[in-house]
Each structure stands twice: as C-alpha cells, then as structure tokens.
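Okay, structure first, notes after.
The values are calculated or read from the model by the stated rules, or taken from the named source; none is laboratory data. No experiment lies behind these values; they were computed from the predicted model shown. Counting neighbours? That spans all protein chains shown, and the Cβs are built from the backbone with ideal geometry, glycine included. Heads up: the accessible areas ignore ligands, DNA and RNA and are worked out on the full protein's heavy atoms, side chains in. Shrake-Rupley method; radii C 1.70, N 1.55, O 1.52, S 1.80 Å.
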Amino acid sequence: MAVSHHAAGGARVDHGVVAGTFSLDGETHDVDNNIWVVGDDSEVIVIDAPHDVDAILGVVGDRRVKAIVCTHAHDDHVRVAPELRKRTSAPILLHPDDRPLWELTHVDELWDVDLSDGQEIAVGGTTLTVLHTPGHAPGAVCLHAPELGVVFTGDTLFNGGPGATGRSFSDRPTIEASIKARLFALPGDTVVHTGHGDDTTIAAEMTNLT
Ligand SMILES: [Zn+2]
C-alpha cells in the first residue's frame, strides 16, 4: 500500500482577519486585526492574539502551535493570548519593555518568554529573526523571515507609513528611527505583513517616509 509523504521545506504564511476593539487612554475604537500564522503542515507560530481564539485556531487548523509571538502588548494584539496559551499549551513571547502595556490588559498573568533583539525563532523549516523596533510601543518588535521574503511589522509600519504614536508609551522620533535603521535595511522587495490592513513592501514605504 502506498504511503503519501508531504513535501519537505513547506513553510508558508496563512492569514485571517478578525474584528474587535482597541482601548487605551480612556478611548475605545473598533479595529480589524490581521492574524498571521507561519509554519509548515505540522507546526506553526502565531503572531499576535487578537480578539477571538476560535478565529485564530481556524487559521492554525490541526497543526501544533509552537509559540504565540506578540509584536507588542496593546490589548487588540494580546487580549486572548492567555486563552490561546491555555488551548494550545504554547508559550507566549513578548519583549519585556512592553510590560506596562501588558499589565493594562492582564493583571494576574504574565507571558512566558522574553523576546530580545536578534533572537531567532525556528518553525517549519524556516527562521524568523526578532527586530526590536520601539516607537509605537517600547517593546514593539518586527519579525523578519528572510527565506520567505517577508517581515511582520505589527503596528510599527503600515501600508502608508509608520504606526500611530499619539497615545501613551509611544514616540514619533523613536518609531521613525526604528523604521529607518532596522526595516529600511531589509531588501526592498520584502513583503510587509502588517498588524492592520493591507500588505506593502519595504521599497514602497521608503517613498512614504524620507
Ligand atoms: Zn498597537
């Protein structure tokens, strides 16, 4: 009897969108968040945990979740991270500089593993490198997957320019410095998968922020 084999080296990016709210500084806004899942047929990492665990697990399918990697700790990105951890037994990873934001949403439980600049996360035969890019939030990170030609930017860089810096714990000069030093150093054809809204490329955004 023939046995079928999955092709090797099948790392890919899967995507969903989920609606919810974002609250900070006493205001609440409706937001659509992107769900990004990176891996192969057997294991994945989930980038951010917005709004709805079932929607995230719908993108994951029957694959094992190896880690929940948070780009930053605004509530629309981490609200269901502990529930997703409970459902999958996967650890939550966050840059420790975002602790003050995390504690606005989760008062009695923490994340599991600190992210640090230059850290490498292996999944499904490929590797993502952590880029610490403060500005939108002090512990904001981007995740560069060079073999896939993509970078996941959370709310640091959108299609059209830098993420918002008008609220607490944000700083405009800092985000611009992060983008110019770290993201604009990536190949221009790198596809940017954002926390909200459409994809862009590094080259396209270099024309939006000079
Ligand atoms: Zn944010």
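Below, the figures for the structure above:
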| read-out | value |
| --- | --- |
| Paramagnetic reach from residue 114 (point 7 Å along Cα→Cβ, amide N under 14 Å) across segment 138-163 | 139 |
| Label zone at residue 62, where the point sits 7 Å out along the Cα-to-Cβ direction: segment 76-110 residues whose backbone N lies under 20 Å | 87-90 |
| Where only alpha carbons of segment 99-196 are counted, the Rg and the Dmax (Å) | 13.8, 42 |
| Rounded percent of accessible protein surface that carbon and sulfur make up, segment 67-179, 1.4 Å probe | 48 |
| Size of electric dipole in segment 13-55: Cβ of Lys, Arg +1 and of Asp, Glu -1, about Cα centre, debye, nearest 20 | 80 |
| Beta bridges per DSSP with both ends in segment 39-156, % antiparallel, nearest 5 | 55 |
| Extension reserve of the residue 42-residue 206 stretch, reckoned as 0.36 nm per residue once the Cα distance is removed | 55.4 nm |
| Dipole of the chain, positive end: most advanced residue of 151, 207, 123 [Cβ charges, Cα centre] | 123 |
| Proximal charge balance of residue 39 [Cβ under 10 Å; K/R count +1, D/E count -1] | 0 |
| Fraction of antiparallel bridges per DSSP, the chain only, in percent to nearest 5 | 70 |
| Local electrostatic count at residue 169 - Lys and Arg +1, Asp and Glu -1, tallied over other residues with Cβ under 14 Å | -4 |
| Potential lengthening between residue 198 and residue 164 on full extension [0.36 nm per residue; Cα-Cα distance subtracted] | 10.7 nm |
| Kirkwood hydrodynamic radius over Cα pairs of the chain, then Stokes diffusion coefficient at 37 °C and 0.692 mPa s, in µm²/s | 192 |
| Surface accessible to a 1.4 Å probe, per residue, for the residues of the chain, Å² | 44 |
| Nearest-0.05 FRET efficiency for residue 191 and residue 99, computed from C-beta distance (R0 30 Å) | 0.45 |
| Expected 222 nm ellipticity per residue - DSSP helices of 4 or more, -39500 (n - 2.57), all of the chain, to 500 | -4500 deg cm²/dmol |
| If the convex hull is drawn through the Cα atoms of segment 16-125, its volume per residue in Å³ | 93 |
| Considering only segment 23-78, percent of DSSP beta bridges that pair antiparallel, nearest 5 | 55 |
